[in-house]
Amino acid sequence: MNSKFLQLFQIGLVILFLGAPLTRIRAQSSDGPLTRQDIVALVYQLPKYPERRDEIVEEIRTRGIGFPLNDGMRSLVASKSGNDAVLRRTLEEAERRRVNPAASARPPDAEANELLERTRVATLAAAEAMPDFLVKQLIKRSVAYGTTNNWLAQDNLTIAVGYRANAGEQYKLLAINGLPPGQEVKEGRDYSKYVGGASSSGVEYISALADVFKPESRTVFKLDDTDLVQGRRTLVYEYEIKKPFSQLTLAAGEASAGAGSRGRIWIDRENNRVLRFEQIATEIPGDFPITAASTVIDYDWVTIDEKKYLLPAQSEILLTTVNRNMTIQSRNVIRFRGYQKFGAELKVIDEIDEKDFPPDKPEKP
């Protein structure tokens, strides 16, 4: 066998390996915990086959890992997956399960169903008892072209949001990249006309989560995994709502379209409350400009008028749109800061300024 033929043969093997289906790679490994080499082989597929992410996640959840997770492996997984949050969390939970199997064990189905039902009752009750409040949104927007996930910074927005149960939400644009906007900017139910690009409302995240638990949504739940969120032990449930029963609406300019949804919820095993909520749009009409949409919201306890409420602390919104045959991805990372009661002294949104909000707490490491 001459050297040139050997080189071609080796190249052919590499192509065959990279193009092999996931089930082929599974068969090459034992049924025990995944080894370091198994993980490397799996994540090396992702740059070319990103749609295999869910299969890899399921493989890690099913089999676990049999080696200590170090920073080198974390870095490799982040780089090959585009820093995919679900894959990173799954790997971290697999490490916790390896170190302490008892603490990360999935509970019996009966216990999981009872937790889900208690959370349903608590979430719907909380949605009906929301106070009138003000909050500041700090929004970092970025875009990517095609489906590359190569994000380019767009701008930073500061938005004041006022919520009243009898009037809904009102928004006031406070700053764009740290500079105050023009005099023409007024408060209203939509600030997108002043900034263009992808925009979102934050208070409706409360109602969106409540919709998942409403009987009329006919939501199907399935226990998926365990996880650690804000230092709290959680159970992770997958859910799905079919389009005819979904309240999710996507808006692109003057056009809007209903969609189904699926995703995950992370429930605190002790407090019966949702600490993280993932929503992915499904059944989007084929001719609609938005072709993909997802939201991940982290909730935290805040004090308003000396009472504790579980409200959004951070969110990430991803949109994929097609405009004149050009595909554009948009990402909005939103932090919610300075919750306070919407009282008589601040009932006019137009009077809100940065000084009306307490300083941000230092970011947790």
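A few remarks follow.
- Residue within segment 301-311 that is within 26 Å of Asn150 (Cβ to Cβ) and in contact (Cβ under 8 Å) with a residue 40 or more places away in the chain present: no
- Taken over segment 99-118, the criterion of being surrounded by 14 or more Cβ atoms within 10 Å (Cβ to Cβ) and either in the same structural domain as Asp227 (by TED's automatic domain parsing) or in a loop (DSSP other than H, G, I, E, B) (or both) is satisfied by Ser104, Arg106, Pro107.
- Any pair with Cβ under 9 angstrom, 6 or more apart, that starts in segment 46-57 at a residue that is under 13 Å from Thr147 (Cβ atoms) and ends at one that is of a type in the set (Ser, Thr, Tyr) and in a loop (DSSP other than H, G, I, E, B): Pro50/Thr147
- Hits in segment 280-328 (condition: part of a loop (DSSP other than H, G, I, E, B) and among the aromatic types (Phe, Trp, Tyr)): Phe288
Listed here are the residues, each with its yes/no results for (1) part of a strand (DSSP E or B); (2) under 29 Å from Ile284 (Cα atoms); (3) out of contact with any strand residue (DSSP E or B) (no Cβ under 7 Å at 6 or more places or on another chain); (4) at pLDDT 90 or above.
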| position | (1), (2), (3), (4) |
| --- | --- |
| Val185 | no, no, no, no |
| Ser201 | no, yes, no, no |
| Leu209 | no, yes, no, yes |
| Thr234 | yes, no, no, yes |
| Glu240 | yes, yes, no, yes |
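- Restricting segment 73-98 to residues that are outside any helix (DSSP H, G or I) and not acidic (Asp, Glu) leaves a set whose member that is surrounded by the fewest Cβ atoms within 10 Å (Cβ to Cβ) is Asn83.
- Among the residues of segment 254-262, at least one is over 28 Å from Arg89 (Cα atoms), of a type in the set (A, V, I, L, M, F, W, C) and out of contact with any strand residue (DSSP E or B) (no Cβ under 8 Å at 6 or more places or on another chain).
- If only residues of segment 139-151 that are at pLDDT below 90 and among the β-branched types (Val, Ile, Thr) are counted, the one that is surrounded by the fewest Cβ atoms within 10 Å (Cβ to Cβ) is Thr148.
- For segment 123-161, the tally of residues that are over 22 Å from the mean Cα position of the chain (by Cα) and either in a helix (DSSP H, G or I) or not assigned by TED's automatic domain parsing to the domain that holds Arg269 (or both) stands at 2.
- For segment 152-184, a tally of residues being surrounded by fewer than 16 Cβ atoms within 10 Å (Cβ to Cβ) and aromatic (Phe, Trp, Tyr) returns 0.
- Filtered residues of segment 255-279 (kept if hydrophobic (A, V, I, L, M, F, W, C) and not in a strand (DSSP E or B)): Ala259
- Filtered residues of segment 275-315 (kept if touching a helix residue (DSSP H, G or I) at 6+ places or on another chain (Cβ under 6 Å) and closer than 19 Å to Gly231 by Cβ): Phe277, Ile297, Pro312
- Residue list for segment 61-88, filter: closer than 22 Å to Glu316 by Cβ and not charged (D, E, K, R): Ser75, Val77, Ala78, Ser79, Ser81, Gly82, Asn83, Ala85, Val86, Leu87
The values are calculated or read from the model by the stated rules, or taken from the named source; none is laboratory data. Quantities reported herein were computed from a predicted structural model and do not represent experimental measurements. Positions of Cβ are generated from backbone atoms using ideal geometry, with glycine treated the same way; all protein chains shown enter the neighbour counts.
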